[in-house]
Ligand code: MN3
């Protein structure tokens, strides 16, 4: 991953703020990327400035190291390294919606689709399970598709916690913090999730296993 060591900087979105309209609005994307993610990056750099031994670690390594770190450093890094990783991944698994007039297709990578079918039966069943997971998060957090030896699994986390800490490889995530949808959807999280599926970039999701 680019820009993956201290000092971290905020990479531009891979599309315009308004590119996910009408499913995700430009104002939400602007605040989410330029304000929320920027704050996590600034906080992470401030913490790491005082921790030279951690400055050489990648974002993934910092998260995997969390259980070995003392409090309150562990907690601060869980929130802020997680906040950077989770938002970068979230923005990167989305893309502008497919123009229904065009001949462009919206296909999964065939290997990924085979894994989804093996683990969930079908892509539609997976989407329904993932929606239920996103709806079940109480308060702020994420729904994830993760890989572990032998298959795919759906898990949820709270706050900015990340499955890497538990040895699971994230493949896809959905941000269900209210800041991800409240400006457009208010309390209608289900409608947000249904529409979010229209902007998932399925072609970007790959199994980490060979
Ligand atoms: Mn967020």
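Taking the chain as a Gaussian network of alpha-carbon nodes connected by springs under 10 Å, the highest mean-square fluctuation of the residues 50, 27, 117 belongs to 50. Between residue 207 and residue 179, the modelled labels are 3.6 nm apart [label points 7 Å from Cα along Cα→Cβ]. Against the main long axis of the alpha-carbon atoms of the chain, helix 38-49 sits at an angle near 30°. With each label modelled as a point 7 angstrom along the Cα→C-beta vector, the residue 64-residue 136 pair spans 2.8 nm. For the range 136-210 versus the range 34-69, the spacing of their alpha-carbon centroids is 21 Å.
Based on every Cα atom in the chain, Rg and the maximum pairwise Cα distance Dmax equal 17.1, 55 Å.
Measure nothing fancy, just the Cα-based angle from helix 110-120's long axis to the longest principal axis of the chain, in degrees from 0 to 90, nearest 10. For 110-120 against the chain, the angle is about 90 degrees. Between 198, 160, 186, the GNM of the chain built on Cα springs shorter than 10 angstrom shows 186 fluctuating the most.
Based on DSSP H runs of at least 4 residues, each adding -39500 (n - 2.57), what is the mean residue ellipticity at 222 nm of the chain after dividing by all its residues, to the nearest 500 deg cm²/dmol? Don't skip to the end; give the middle numbers.
Values: 8 runs with 81 residues, N = 210.
Result for the chain, helices only: -11500 deg cm²/dmol.
Calculated on the alpha-carbon coordinates, the convex hull of the range 86-190 measures out at 120 cubic angstrom per residue.
In this simple spin-label model, placing a label point 7 Å from the Cα along the Cα-to-Cβ direction at both residue 5 and residue 190 gives a separation of 4.9 nm.
Taking a quarter of the surface of the Cα convex hull of the range 1-72, what do you get in nm²? Numbers along the way, then the final one.
Numbers: hull surface 23.1 nm².
If you wrap the Cα atoms of the range 1-72 in a convex hull and average its projections, you get 5.8 nm².
Label point of residue 15 set 7 angstrom out along Cα-Cβ; within the range 130-157, amide nitrogens under 20 Å from it belong to 131, 143-145.
Taking other C-beta atoms within 10 Å as the exposure proxy, 71, 15, 85 rank 71, 15, 85 from fewest upward.
No lab work stands behind these numbers, since they all come straight from the coordinates. Since the structure is predicted, the reported quantities are computational estimates derived from the model, not experimental observations. We place every Cβ from the backbone using ideal geometry, glycine too, and count neighbours over all the protein chains shown.
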